[in-house]
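Undergrad: Quick one: the structure is below, questions incoming.
The values are calculated or read from the model by the stated rules, or taken from the named source; none is laboratory data. As the structure is a computational prediction, the values presented were derived from the model and not from experiment. Cβ sites come from the backbone with ideal geometry, for glycine too, and all protein chains shown count toward neighbours.
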């Protein structure tokens, strides 16, 4: 069998070559950005603030993951209040979520250790949240969050562990991309 440089067909496309170092770093950055549904500038700001702390922070990938996982929309997703990060972002934007008893409609709000994230009491009677309570009884939350399915509230109790996330992304490549 002969392997040609083009694919079969009249207008055969060129076969993919291996990626350059820049291409690999760009792909990892784009993958991570899409994972958290962030725009380029938002993601760039997160990475730049972590890179600015380079001397004071021991583990840069862990600091970046902690910053991204501590976003309110991501915490709502991790608690199981929403089936996806996009749905969690919408729940936050529509004033369905309270942080320490106060309504917050900013998906990028940074949840710190000890903050209580809950569903607004006026919204708990909605069909979505009544069905959600049965799902939350079997939902497994990460170790850094605690969940009370009866009251539809959760609390951030610790820091994020990269091992628990098991992301298919090389975080070091993201820092290399922005270090240029």
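Undergrad: Which one of 19, 38 is surrounded by 11 or more Cβ atoms within 10 Å (Cβ to Cβ), within 15 Å of the chain's Cα centre (by Cα) and without any contact (Cβ under 8 Å) to a residue 60 or more places away in the chain?
TA: Sole residue among the options that is surrounded by 11 or more Cβ atoms within 10 Å (Cβ to Cβ), within 15 Å of the chain's Cα centre (by Cα) and without any contact (Cβ under 8 Å) to a residue 60 or more places away in the chain: 38.
Undergrad: Residue 56 passes all but one of (1) part of a loop (DSSP other than H, G, I, E, B); (2) assigned by TED's automatic domain parsing to the domain that holds residue 134; (3) surrounded by fewer than 15 Cβ atoms within 10 Å (Cβ to Cβ); which number fails?
TA: Condition not satisfied by residue 56: (2).
Undergrad: When you scan the range 114-128, how many residues do you find that are part of a loop (DSSP other than H, G, I, E, B) and closer than 19 Å to residue 70 by Cβ?
TA: Residues of the range 114-128 that are part of a loop (DSSP other than H, G, I, E, B), as a first pass: 114-115, 120, 124-126.
Going one step further and asking which of them are closer than 19 Å to residue 70 by Cβ, we end up with 114-115.
Matching residues across the range 114-128 total 2.
Undergrad: Still on this structure: Residues in the range 78-85: is at least one farther than 30 Å from residue 118 by Cβ and in a helix (DSSP H, G or I)? Spell out the reasoning first.
TA: Our first condition is that a residue be farther than 30 Å from residue 118 by Cβ; within the range 78-85, this holds for none.
No.
Table: residues versus (1) touching a helix residue (DSSP H, G or I) at 6+ places or on another chain (Cβ under 7 Å); (2) free of Cβ contacts under 8 Å to residues at least 24 places away in the same chain; (3) outside any strand (DSSP E or B); (4) buried (at least 16 other Cβ atoms within 10 Å of the Cβ).
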site	(1), (2), (3), (4)
112	no, no, yes, no
130	no, yes, yes, no
135	no, no, yes, no
146	no, yes, no, no
154	yes, no, no, yes
164	no, yes, yes, no
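Undergrad: Still on this structure: Quick one: is residue 90 more than 13 Å from the chain's Cα centre (by Cα) and loosely packed, with under 11 Cβ neighbours inside 10 Å? Talk me through it step by step, then tell me what you get.
TA: Working: more than 13 Å from the chain's Cα centre (by Cα): yes; loosely packed, with under 11 Cβ neighbours inside 10 Å: no.
Considered against the rule, which asks whether it is more than 13 Å from the chain's Cα centre (by Cα) and loosely packed, with under 11 Cβ neighbours inside 10 Å, residue 90 comes out as no.
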